[in-house]
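S.K.: I'd like to ask you about the structure that follows.
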Amino acid sequence: MDDLVTIFVTDLNGDRHEILAPTDMGLNLMEAMKANEMPVKATCGGMAMCATCNVIIKSDHELPEMGESEEEMLDEAFVLDVEGSRLSCQIPVTQEIDGLEVQLGSLTDPEE
Ligand code: FES
């Protein structure tokens, strides 16, 4: 279907999940992962203020550039130097991310 994209998410146990997300609902990647029951803490609810939605991008998709608050937050959380680190709440679900491959960052763990 045109308005669904597939995203591959590897969780903290190393299990890879295939999730589907609609592109016509204004969702971001964090919301799409949560809607698919991926264990993502996302304490601030998508405000780029907590870094507990951190993912590491494993595929070579073109993603929107980081905003200032995203960059600051990743820096503060000491994950900016992990290559491909992004806040999933700052990545809109669009056709461009179809087939995206991400790994959950350690800060996302809801058990922590
Ligand atoms: S949910 Fe808090 S920074 Fe993304």
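S.K.: Using a 10 Å cut-off on Cβ atoms, rank the peptides 27-35, 39-47 from the highest mean neighbour count down. Could the numbers behind the result be given before it?
M.R.: On the way: 27-35: 22.2, 39-47: 17.3.
Order by mean packing, descending: 27-35, 39-47.
S.K.: Can I ask one more? Around C89, under 9 Å between beta carbons, what's the net of Lys plus Arg minus Asp minus Glu among the other residues? List each step's numbers first, then the result.
M.R.: Working: positive: none; negative: E31, E70.
Around C89, the charge tally is -2.
S.K.: From the gyration tensor of the Cα coordinates in segment 4-108, what semi-axes in whole Å does the equivalent ellipsoid have, largest first, with each one equal to sqrt(5λ)? If you can, show how the numbers build up before the last one.
M.R.: Working: eigenvalues 70, 43, 35 Å².
Semi-axis lengths for segment 4-108 are 19, 15, 13 Å.
S.K.: Apply the a/c threshold of 1.5 to the C-alpha gyration tensor of segment 17-63 and tell me whether it is rounded, prolate or oblate.
M.R.: Judged from the Cα gyration tensor, segment 17-63 comes out rounded (a/c under 1.5).
Every read-out reported here was derived from the displayed coordinates using simple, explicitly stated rules and does not represent laboratory data. Quick caveat: nothing in here was measured; it's all calculated off a predicted structure. Glycine gets a Cβ as well: all are built from the backbone with ideal geometry, and neighbour counts include every protein chain shown.
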